[in-house]
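Encoded as structure tokens, the structure appears first; notes follow it.
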Amino acid sequence: MLKKVSTEKAPSAIGPYSQAIICGDMLFTSGQIPINPETGAIEATDIKAQTEQVMKNLGAVLESAGASFESVIKTTCFLHEIADFAAFNEVYAKYFTSKPARSCVAVKDLPKGALCEVELIAKIS
């Protein structure tokens, strides 16, 4: 059975999708962009600050589902500019200390002009 995950501590979906879905003991999040859930806007202007907001949003979704950054198995990361790879990694490494599997690619555009987006798969305890 599938269970939708929703928390006000992360941005609401900006389309016809859920923040995350639980299937069995697995959590699958939708991509999080650096929207501040309190204002509904992207406020940060550089890659490090935007990555911090993305991680806060993912943390809220993880917590709401009974998971944590330590239970993450796989991430998929999207960068607007591959030149931001090192700066993105500086922030990413603070949160994903267990070093889950990861893909990271540069894309032409992201929703709302974001510089990064991250989705993940985690095991729920």
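The values are calculated or read from the model by the stated rules, or taken from the named source; none is laboratory data. Quick caveat, the model's predicted, so the values are computed rather than measured. Here the Cβ positions follow ideal geometry from the backbone for every residue, glycine too, while neighbour counts run over all protein chains shown.
Suppose the filter is in contact with a Lys or Arg (Cβ under 9 Å, 6 or more places away or on another chain) and either under 11 Å from Leu115 (Cβ atoms) or touching a residue at least 60 places away in the same chain (Cβ under 8 Å) (or both); does Ala67 pass it? It is false that Ala67 is in contact with a Lys or Arg (Cβ under 9 Å, 6 or more places away or on another chain) and either under 11 Å from Leu115 (Cβ atoms) or touching a residue at least 60 places away in the same chain (Cβ under 8 Å) (or both). Can you tell me which residues in region 75-97 are outside any strand (DSSP E or B), surrounded by 13 or more Cβ atoms within 10 Å (Cβ to Cβ) and under 14 Å from the mean Cα position of the chain (by Cα)? Scanning region 75-97 gives Phe88, Asn89, Val91, Tyr92, Tyr95, Phe96. Residues in region 31-65 that are among the polar types (S, T, N, Q) and crowded, with 18+ Cβ neighbours inside 10 Å: Gln32, Gln50, Thr51, Gln53, Asn57. Taking region 89-125 as the range and being at pLDDT 95 or above, among the hydroxyl-bearing types (Ser, Thr, Tyr) and touching a helix residue (DSSP H, G or I) at 6+ places or on another chain (Cβ under 8 Å) as the test, the residues that pass are Tyr92, Tyr95, Thr97, Ser98. When Leu62 is tested against the conditions (1) within 23 Å of Lys99 (Cβ to Cβ); (2) in contact with a helix residue (DSSP H, G or I) (Cβ under 6 Å, 6 or more places away or on another chain); (3) among the aliphatic types (A, V, I, L, M), the lone failure is (2). Given the criteria under 18 Å from Thr29 (Cα atoms) and surrounded by fewer than 17 Cβ atoms within 10 Å (Cβ to Cβ), does Ser125 qualify? Against the criterion (under 18 Å from Thr29 (Cα atoms) and surrounded by fewer than 17 Cβ atoms within 10 Å (Cβ to Cβ)), Ser125 qualifies.
Among the residues in region 46-68, are any more than 18 Å from Ser125 (Cβ to Cβ), at pLDDT 95 or above, of a type outside the set (Gly, Ala, Ser) and in contact with a Ser or Thr (Cβ under 7 Å, 6 or more places away or on another chain)? No: zero hits.
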